[in-house]
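**Student:** Starting off with a structure, shown below.
The values are calculated or read from the model by the stated rules, or taken from the named source; none is laboratory data. The structure displayed is predicted, hence computed values, not measured ones. Please note: Cβ atoms are built from the backbone with ideal geometry, for glycine as well, and neighbour counts cover all protein chains shown. Protein only, heavy atoms only, side chains kept; ligands, DNA and RNA dropped before computing areas. Shrake-Rupley method; radii C 1.70, N 1.55, O 1.52, S 1.80 Å.
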Amino acid sequence: MRADLENELFDEDKTTNKSWKNPGIWQRGLAMLCFGFISGFIRLFITLIAIFQFITMLFTNKPNSQLLMLGQSLNSYSYQINQFLTINSETYPFPFTDWPDGRTSRVPPAEHV
(Lines give C-alpha, C1' and ligand atoms only; values in the text may rest on other atoms or scores of the structure.)
Protein backbone atom coordinates (compact mmCIF):
# COMPACT_ATOMS: atom_id res chain seq x y z
CA MET A 1 0.00 0.00 0.00
CA ARG A 2 2.74 2.43 0.95
CA ALA A 3 4.72 1.57 -2.20
CA ASP A 4 1.66 2.31 -4.36
CA LEU A 5 1.19 5.67 -2.66
CA GLU A 6 4.87 6.58 -3.07
CA ASN A 7 4.79 5.58 -6.73
CA GLU A 8 1.71 7.73 -7.27
CA LEU A 9 3.22 10.74 -5.51
CA PHE A 10 6.85 10.62 -6.59
CA ASP A 11 7.03 8.75 -9.88
CA GLU A 12 7.01 10.82 -13.02
CA ASP A 13 3.87 10.46 -15.04
CA LYS A 14 4.86 9.26 -18.48
CA THR A 15 2.00 11.05 -20.26
CA THR A 16 2.55 14.49 -18.74
CA ASN A 17 6.31 14.20 -19.12
CA LYS A 18 6.00 14.21 -22.90
CA SER A 19 2.90 16.39 -23.32
CA TRP A 20 4.97 19.54 -23.92
CA LYS A 21 6.49 17.82 -26.96
CA ASN A 22 3.05 17.37 -28.54
CA PRO A 23 2.77 19.78 -31.51
CA GLY A 24 -1.02 19.90 -31.08
CA ILE A 25 -0.63 21.57 -27.70
CA TRP A 26 1.72 24.20 -29.14
CA GLN A 27 -0.68 24.77 -32.04
CA ARG A 28 -3.54 25.33 -29.62
CA GLY A 29 -1.38 27.65 -27.52
CA LEU A 30 -0.57 29.79 -30.55
CA ALA A 31 -4.26 29.84 -31.52
CA MET A 32 -5.18 30.83 -27.95
CA LEU A 33 -2.72 33.70 -28.08
CA CYS A 34 -4.10 34.95 -31.40
CA PHE A 35 -7.73 34.61 -30.29
CA GLY A 36 -6.88 36.45 -27.07
CA PHE A 37 -5.76 39.45 -29.11
CA ILE A 38 -8.82 39.19 -31.36
CA SER A 39 -11.02 39.15 -28.26
CA GLY A 40 -9.56 42.49 -27.16
CA PHE A 41 -10.39 44.07 -30.51
CA ILE A 42 -13.91 42.67 -30.39
CA ARG A 43 -14.40 44.30 -26.99
CA LEU A 44 -13.38 47.63 -28.53
CA PHE A 45 -15.86 47.17 -31.40
CA ILE A 46 -18.66 46.28 -28.97
CA THR A 47 -17.91 49.44 -26.98
CA LEU A 48 -18.01 51.55 -30.16
CA ILE A 49 -21.32 49.92 -31.16
CA ALA A 50 -22.74 50.69 -27.70
CA ILE A 51 -21.73 54.35 -27.98
CA PHE A 52 -23.15 54.64 -31.49
CA GLN A 53 -26.39 52.91 -30.44
CA PHE A 54 -26.77 55.36 -27.56
CA ILE A 55 -26.29 58.33 -29.89
CA THR A 56 -28.74 56.81 -32.37
CA MET A 57 -31.34 56.37 -29.63
CA LEU A 58 -30.88 59.99 -28.54
CA PHE A 59 -31.90 61.23 -31.99
CA THR A 60 -34.32 58.58 -33.29
CA ASN A 61 -35.65 57.03 -30.05
CA LYS A 62 -34.97 53.53 -31.47
CA PRO A 63 -31.82 51.44 -31.95
CA ASN A 64 -30.19 50.71 -35.29
CA SER A 65 -31.43 47.23 -36.27
CA GLN A 66 -28.31 46.35 -38.29
CA LEU A 67 -26.11 47.19 -35.33
CA LEU A 68 -28.33 45.06 -33.09
CA MET A 69 -27.55 42.04 -35.25
CA LEU A 70 -23.86 42.94 -35.55
CA GLY A 71 -23.61 43.39 -31.79
CA GLN A 72 -25.31 40.05 -31.19
CA SER A 73 -23.02 38.23 -33.62
CA LEU A 74 -19.95 39.87 -32.05
CA ASN A 75 -21.21 38.80 -28.61
CA SER A 76 -21.70 35.25 -29.87
CA TYR A 77 -18.24 35.28 -31.43
CA SER A 78 -16.72 36.61 -28.22
CA TYR A 79 -18.49 33.81 -26.31
CA GLN A 80 -17.07 31.21 -28.73
CA ILE A 81 -13.58 32.65 -28.24
CA ASN A 82 -13.95 32.64 -24.46
CA GLN A 83 -15.14 29.03 -24.52
CA PHE A 84 -12.08 28.13 -26.60
CA LEU A 85 -9.66 30.12 -24.40
CA THR A 86 -10.93 28.55 -21.20
CA ILE A 87 -10.72 25.10 -22.82
CA ASN A 88 -14.45 24.52 -22.43
CA SER A 89 -14.61 23.89 -26.17
CA GLU A 90 -12.31 22.13 -28.59
CA THR A 91 -13.92 23.91 -31.56
CA TYR A 92 -11.79 26.66 -33.03
CA PRO A 93 -13.82 29.88 -33.53
CA PHE A 94 -14.16 31.77 -36.84
CA PRO A 95 -12.36 31.61 -39.35
CA PHE A 96 -12.18 27.86 -38.63
CA THR A 97 -15.98 27.66 -38.23
CA ASP A 98 -18.89 29.69 -39.56
CA TRP A 99 -19.46 33.25 -38.37
CA PRO A 100 -22.29 33.52 -35.80
CA ASP A 101 -25.49 34.66 -37.51
CA GLY A 102 -26.53 37.35 -35.01
CA ARG A 103 -30.05 36.06 -34.42
CA THR A 104 -31.31 35.73 -30.88
CA SER A 105 -33.97 33.53 -29.42
CA ARG A 106 -35.75 36.48 -27.84
CA VAL A 107 -36.74 40.03 -28.80
CA PRO A 108 -34.24 42.63 -27.56
CA PRO A 109 -35.65 44.91 -24.82
CA ALA A 110 -35.22 48.00 -27.02
CA GLU A 111 -37.87 46.74 -29.47
CA HIS A 112 -40.54 46.67 -26.73
CA VAL A 113 -40.51 50.50 -26.59
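**Student:** By per-residue mean of other Cβ atoms within 10 Å, what is the highest-first order of 92-101, 23-32, 67-76? Intermediate values should be presented prior to the final figure.
**Tutor:** Numbers: 92-101: 13.0, 23-32: 11.3, 67-76: 16.9.
The densest-packed peptide leads the list: 67-76, 92-101, 23-32.
**Student:** Okay, next question. Quick check: at a probe of 1.4 Å, how many percent of the accessible area of segment 33-90 sits on carbon and sulfur atoms? Walk me through the intermediate numbers first.
**Tutor:** Numbers: 2750 of 3940 Å².
That share works out to 70 percent.
**Student:** So for Ser19, Ser39, what's the accessible-area order with a 1.4 Å probe, most first? Intermediate results must be reported in sequence, preceding the final value.
**Tutor:** Values: Ser19 45, Ser39 25 Å².
The residues order as Ser19, Ser39, largest area first.
**Student:** Under the rule a/c < 1.5 gives rounded, and otherwise a/b versus b/c splits prolate from oblate, where does segment 42-100 land using the Cα gyration tensor? Write down the numbers at each step before the final one.
**Tutor:** Working: a/c = 3.95, a/b = 2.67, b/c = 1.48.
Prolate, because a/c is 1.5 or more and a/b exceeds b/c.
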